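The values are calculated or read from the model by the stated rules, or taken from the named source; none is laboratory data. Source: prediction; values computed, not measured. Positions of Cβ are generated from backbone atoms using ideal geometry, with glycine treated the same way; all protein chains shown enter the neighbour counts.
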């Protein structure tokens, strides 16, 4: 398992390679919460492209609710989909649950798409927009 995390310009960038289990996920959530508190981070970009998720997708909703409790509601979240379809299913369910919880979250195939989502949502938030999540991002994208 490998994880690299850096914070720059109020964005947490996390890159996961290899296996991810419950303990890894919980450690990541605690780290993100600390970076929000200590460094004022307002966005998280999780690159899960190289991750092998060892958690059943049926457990994703519970894990998403834990993530939502650990982090502030205004945290923007972009996730790059894992390459393997079984791992991607976990992340899809995780993302859907965060969206249901009212979080601004998106799931993407590339880092570039994830970055564009965060930039668009940051710009919208600064302009006073109130559409959250993927649907709001698509509405803004289509209206341009």
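If the condition is being surrounded by fewer than 19 Cβ atoms within 10 Å (Cβ to Cβ) and within 12 Å of the chain's Cα centre (by Cα), then the range 77-92 contributes only 92. Take residue 33 and tell me if it is modelled with pLDDT under 95 and buried (at least 17 other Cβ atoms within 10 Å of the Cβ). It is true that residue 33 is modelled with pLDDT under 95 and buried (at least 17 other Cβ atoms within 10 Å of the Cβ). Each residue in the range 52-103 was checked for being touching a strand residue (DSSP E or B) at 6+ places or on another chain (Cβ under 9 Å), within 24 Å of residue 37 (Cβ to Cβ) and in a loop (DSSP other than H, G, I, E, B), and 3 pass.
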